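Read the structure below first, then the notes.
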Amino acid sequence: MAKMKLLYSPASPYARKVRAVAVHAGLLKNIDLVMAPLSPIAPNAEVDARNPVGKVPTLSADGMNLFDSAVICEYLDSKSRKPKLYPAKGKARWTALRLHAMGDGLLDAALLWRYENTLRPEALRWSDWSAGQMKKIVGVLDRLEKEAASLAGRATIGSLTVGCALGYLDFRFADFDWRKGRPKLAKWWAKFGELPAMAETRPTA
Ligand SMILES: N[C@@H](CCC(=O)N[C@@H](CS)C(=O)NCC(=O)O)C(=O)O
């Protein structure tokens, strides 16, 4: 298989999803990992040249530049000979995709909160905006606690994404005790987080 190239950041939870899928699929050895530091106010020329949205992860493979993480994950899964992370059909598929959307939704809100509170000049910060993002984070966590049973069983793109989202909260929101009042989710993550796909992709600053 021709070498692929992943533009990524070791702290990015979306890029972690892609790396986790690559570990699960046994494809990491086929991917050159290239660090591409960036933020909305400090773009990266190499990323911009491959991805008009200017975000990581961006994967170059088969003569294509692929983004965003959901597309890259599905591409890697399509190349995998390991058990598929995207169930082919039926309720299993929609459960996995819905969990994927919840994990990504949590991450989108967490990243917006963080940009607001770290990148934006302090005098311009808007607390209602941050509170609105935090409400989404709490809403997803509470829903996941109620639906923790749907995370059980073989890993899917849904459970991997939820894992990356919880790992991101541990990494960037350490003071926010998401485990409090959510024992089922905490118990699930304690075990799931030890899978190679998760253990080998822990975020670093
Ligand atoms: N929906 C995108 C989100 C990717 C994303 O927001 N990545 C962040 C790093 S964690 C980024 O590139 N931010 C730079 C920017 O927003 O300009 C995906 O799933 O790939």
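The values are calculated or read from the model by the stated rules, or taken from the named source; none is laboratory data. As the structure is a computational prediction, the values presented were derived from the model and not from experiment. FYI the Cβ positions are ideal-geometry reconstructions off the backbone, even for glycines, and counts take in every protein chain you see. When the accessible area is computed, the model is the full protein with side chains, heavy atoms only, and any ligands, DNA or RNA have been set aside. Shrake-Rupley method; radii C 1.70, N 1.55, O 1.52, S 1.80 Å.
Some notes on this structure:
- Residue check for residue 132: surrounded by fewer than 17 Cβ atoms within 10 Å (Cβ to Cβ), more than 16 Å from the ligand (Cβ to nearest atom), modelled with pLDDT of 95 or more and closer than 28 Å to residue 27 by Cα: no
- Candidates 69, 80, 9, 60, filtered to the one that is among the hydroxyl-bearing types (Ser, Thr, Tyr) and in contact with a Gly (Cβ under 8 Å, 6 or more places away or on another chain): 80
- Per-region count, the range 183-205, residues small (Gly, Ala, Ser), open to solvent by less than 90 Å² (accessible area, probe 1.4 Å) and not in a helix (DSSP H, G or I): 1
- With respect to (1) part of a helix (DSSP H, G or I); (2) touching a residue at least 60 places away in the same chain (Cβ under 8 Å), the lone exception for residue 136 is condition (2).
- Restricting the search to helices (runs of 4 or more DSSP H) fully inside the range 21-120 and requiring at least 2 residues that are in contact with a helix residue (DSSP H, G or I) (Cβ under 8 Å, 6 or more places away or on another chain), of a type outside the set (Val, Ile, Thr) and more than 10 Å from the ligand (Cβ to nearest atom) gives 69-79, 90-114.
- Enumeration of residues in the range 137-153 that are within 22 Å of residue 113 (Cβ to Cβ) and open to solvent by less than 60 Å² (accessible area, probe 1.4 Å): 137, 138, 139, 140, 141, 144, 145
- Taken over the range 154-182, the criterion of being open to solvent by 80 Å² or more (accessible area, probe 1.4 Å) and without any contact (Cβ under 8 Å) to a residue 12 or more places away in the chain is satisfied by 175, 177, 179, 180.
- Identity of the residue in the range 91-103, open to solvent by 30 Å² or more (accessible area, probe 1.4 Å) and of a type outside the set (S, T, N, Q), that ends up nearest to residue 169 (Cα to Cα): 101
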